[in-house]
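S.K.: Below is one structure. I have some questions about it.
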Amino acid sequence: MKRIALGSLVLALASGGLAWAAAGSGASGLINADEPSPCQDGWAGCMVGGEELSHEPVTDSAGRPMPASLRVSWFDLAAGPAFSPFQPLSEYSGELPANAASTDAVVAADPVEADPEVDPVAEPAGQDQDTAAPDPEPVVAELDPEPEVDPDPYEPDPEPYVEPVRSDPEPSRFDPDPEPSRGSSSTGSSLNGSRASADPEPEPDPEPAVQGSRASASDPEPKDEPPDDPNAGRSIEPDPEPEPEPIVTEIAPEPPKMDLGCDNLVTLEPAALMGKLNEGQRSCLEERIRNTGTITQKDKISRVLLINAEASGSKKEWERLAKRHLEDIDRSDPNLCFKYAQHLSRGGVGRAWGVIKWSDYALENKSQWSGTTYKTRVYALYQLKAEAAMKLWEDANKKLVDAGADREEWAGKEEKYRGMAKDYSREWLDYARASSQDTKKPMSLCVSAAGSKKFCQD
Amino acid sequence: MKRIFSWMMATAMAALFAVSPLALAGSKSGEGTRVRIQVLDNEGAPVQTAVIRHPEEADRHRVNSVDGTWEDEVLYLPDGSPLLFLPGEVLVFEISAPGYETTVISYQVRRRGNDVKVTLAELAYDSGDIDEPMMSFGRDVPRDEGGEAGPAN
């Protein structure tokens, strides 16, 4: 009966406390389900204008408190923190704001002190069920002076859980070799001795040695001794040892391995596009070109070398490789012929014949192009040819002027190159008209070579 | 008899004197007026390789390689007829040179002081504006096995 009454009293007190907290001004932070959420995104708390907004009351411009959910102040109709309905979701960075962190620190610094005399692990000895009422469970607070915020909730805690360790180990009942009491042996009582031998005696305490031996003789059961340490009754987590700072040692990157193999051309393509083929790889590819029998394989290998030379900016090497490719391997690619002709056109009059030759080869395979590419490249090829012929005619004219004994020879060449310039420029002009492209440049070249507009008229 | 012979001699002499001025007038240094054309470039230097031609003429006349000039009083057309440079006449000339734009001038001949200077503009070779094509690796292209447009079908 007494126990029931005491239990009901405790329940009543607890409910009363809860009711008081609920009816409070809201400082405890309990949420009133009837009040609308102050945050427009539906969360119980959010950041508005850099400040935290929750169900706690806010103040208006005059310092008067008002509910946080009010959009407009009651007295002066000023916009409240919850005024804008277009607030986006507050960003969650995983870190507590400054005021929330201080609040948690205050809570952690003041743990609820447990009763030092009550051991939550061991059962109280000698408890009489009839007389004693069950004590309420003591509140055990974990001492954690530095609350650590786990940024990733899915990562395991770095600190392993340490079971609380009692300073005074409890004497075990099952101690195999208990010390026999002196008192029992001195009296020589058979009855006491038999009793002592039947029940294993606990280890006596070193300080109260006499008392412990007397007690062990009369009471075989273990006895709770008053602890010396006032904190012994509390379960305390040992302070976590500060983790040593990780030692970072810079490991020098491994030197890149020299890959001298060139069997797989596909694996060399990325390096070739960057112009990063090393000397061993280039030598290997050159060796393969010499030893490979099929033209198709030579073509592929040569292209890798060409692209590498172009990417690395080595124009001389590219010219050498392009000339070898076109003359010894394959000249059916109009793109390569065009590219080579354009490269030669940047040179002097000595390369003009090469420009005309490779422009002609490119025009032979122009059917591989289509659309706008076809139009622009054919126009460009005719232009290269006409300009190359003009350079030859110009050079022959100059040499004719300075000619001495070989004047007749140069007169003949001058006439020949002039005819070439006339024809190529007329071709260019005709294609420009047919493809509806610019005719000004080809017309001026044609008239210059022909000497009159009549030859160049449509 | 003497009167007839002297009359015949006077007539012949008169005819001779009448024809000779006309003959002198028909020669190069005679009827036509000398016209002198000098061909220069933008910097004022003579264009050594320039040629001058009349639109109806087949031949081209090269300028002097030292000073870039050409001068004459008459031109001969393809049918052999002379074209005299007479005062008051408008002459058309086509002046060209390799590497320069051809220029056509028309000039009205004056009695004297027919010196013409012509400046030719250089031709601009702008093949540097041409886009270079990209090269590709020689990878094998899979064969298109459509079979719909084959000759057997």
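The values are calculated or read from the model by the stated rules, or taken from the named source; none is laboratory data. Since we're looking at a predicted model, the values are computed, not measured. Ideal geometry is used to build each Cβ from the backbone, glycine not excepted, and the neighbour counts take in all protein chains shown. These area figures cover heavy atoms from the full protein model, side chains too; ligands, DNA and RNA do not enter into them. Shrake-Rupley method; radii C 1.70, N 1.55, O 1.52, S 1.80 Å.
S.K.: So which residues in segment A:429-449 are within 12 Å of another protein chain (Cβ to nearest Cβ) and surrounded by 22 or more Cβ atoms within 10 Å (Cβ to Cβ), if there are any at all?
M.R.: Residues satisfying the conditions are A:Pro442, A:Leu445, A:Cys446, A:Val447, A:Ser448, A:Ala449.
S.K.: Somewhere in segment B:75-93, is a residue within 11 Å of chain A (Cβ to nearest Cβ) and either open to solvent by 20 Å² or more (accessible area, probe 1.4 Å) or touching an Asp or Glu at 6+ places or on another chain (Cβ under 8 Å) (or both)?
M.R.: Yes: one or more hits.
S.K.: If I ask for residues that are in a loop (DSSP other than H, G, I, E, B), of a type in the set (S, T, N, Q) and more than 14 Å from every other protein chain (Cβ to nearest Cβ), which ones from segment A:272-298 would you list?
M.R.: Of everything in segment A:272-298, just one residue is in a loop (DSSP other than H, G, I, E, B), of a type in the set (S, T, N, Q) and more than 14 Å from every other protein chain (Cβ to nearest Cβ), namely A:Asn278.
S.K.: May I pose another question? Which residues, taken from segment B:66-85, are assigned to a loop (DSSP other than H, G, I, E, B) and of a type outside the set (Asp, Glu)?
M.R.: Residues satisfying the conditions are B:Val66, B:Gly68, B:Leu77, B:Pro78, B:Gly80, B:Ser81, B:Phe85.
S.K.: OK, next. How many residues are assigned to a helix (DSSP H, G or I) and open to solvent by 30 Å² or more (accessible area, probe 1.4 Å) when one looks only at segment A:405-423?
M.R.: Count: 11.
S.K.: Still on this structure, please answer the following. Keeping to segment A:320-335, report how many residues are more than 14 Å from chain B (Cβ to nearest Cβ) and of a type in the set (Asp, Glu).
M.R.: Residues in segment A:320-335 being more than 14 Å from chain B (Cβ to nearest Cβ) and of a type in the set (Asp, Glu): 2 in total.
S.K.: If you don't mind, another one. Exactly one of (1) closer than 16 Å to A:Gly350 by Cβ; (2) open to solvent by 50 Å² or more (accessible area, probe 1.4 Å); (3) facing chain B (nearest Cβ under 10 Å); (4) not aliphatic (A, V, I, L, M) is unmet by A:Asp402. Its number?
M.R.: Result: A:Asp402 fails condition (1) only.
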